[in-house]
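Below: the structure, in structure tokens.
The values are calculated or read from the model by the stated rules, or taken from the named source; none is laboratory data. For clarity, every value in this text was computed on a predicted model and none was experimentally measured. So basically every Cβ, Gly included, is an ideal-geometry build from the backbone, and we count neighbours across all protein chains shown. Please note that ligands, DNA and RNA were not included when accessible areas were found on the heavy atoms of the full protein model with its side chains. Shrake-Rupley method; radii C 1.70, N 1.55, O 1.52, S 1.80 Å.
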Amino acid sequence: VAVSAIGTGPAGGTAAPVVPAGSPFVTTQSAVIVSPTSAQLRGSVTANGASASNSFRYSTNSDMSSPTTVGASPATASGTAATSAIASSLQPGTTYYFQAAAANAVGTTYGSTMSFVTPASPPAVTTTAATSVTGTSAVVNANVTANGAATTTNFSISTSNSFLAGTVVVQGSPTPVN
């Protein structure tokens, strides 16, 4: 048997916790539209007889310590409602844990803990001037910031400003940039 702040339930964490009478029922659903710096958190709330205030909390800690709380839409529910919120200012390439939450006069109930990983930011590239230019060759240059992901470089070289004709792709540094 497992005991938590919201009740007692079977050990192993596979069943939903027991919710005190009158507390809202909360389900956490998977995050969607996950970008390097934000994610849409989703859940559902059944108010269970009294209006419930909806929110989400998220953390980089799997035990949900030091969470950030964000208001949900809709902010309150009096019946059963799908709820969502945007977690923003996230760090790229990071695992986040989150829970849907609802509170009423009886107490606050949290849904199960779920997680998502923000993808790494795309690399930033600045092309710099070619050097060692001769009639038949040149050294092409760029500054690449990998932003946390293994990155390789390629150069597209063309005799046309539109890159529609005469384009050659050249592999950059043989060493991946990290």
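Only one of the numbered conditions (1) of a type outside the set (D, E, K, R); (2) part of a strand (DSSP E or B); (3) modelled with pLDDT under 85 is violated by Asn147, and that is (2). Working only within segment 62-118, note down all residues that are under 21 Å from the mean Cα position of the chain (by Cα) and β-branched (Val, Ile, Thr). Result: Thr68, Thr69, Val70, Thr83, Ile86, Thr94, Thr95, Thr113, Val117, Thr118. Could you give every pair whose Cβ atoms fall below 8 Å, whose first residue belongs to segment 62-80 and is touching a residue at least 60 places away in the same chain (Cβ under 8 Å), and whose second residue is open to solvent by less than 60 Å² (accessible area, probe 1.4 Å), counting only separations of at least 6 or pairs across chains? Once the first residue is touching a residue at least 60 places away in the same chain (Cβ under 8 Å) and sits in segment 62-80, no partner that is open to solvent by less than 60 Å² (accessible area, probe 1.4 Å) comes close enough. When segment 110-129 is limited to residues that are buried (at least 17 other Cβ atoms within 10 Å of the Cβ) and part of a strand (DSSP E or B), the one that is modelled with the lowest pLDDT turns out to be Tyr110.
The strands (runs of 3 or more DSSP E) located wholly in segment 1-104 include none with 3 or more residues which are surrounded by 19 or more Cβ atoms within 10 Å (Cβ to Cβ) and at pLDDT below 90.
Of the residues Ser160, Ser137, Ser173, the single one that is in a loop (DSSP other than H, G, I, E, B), open to solvent by less than 50 Å² (accessible area, probe 1.4 Å) and modelled with pLDDT under 85 is Ser160.
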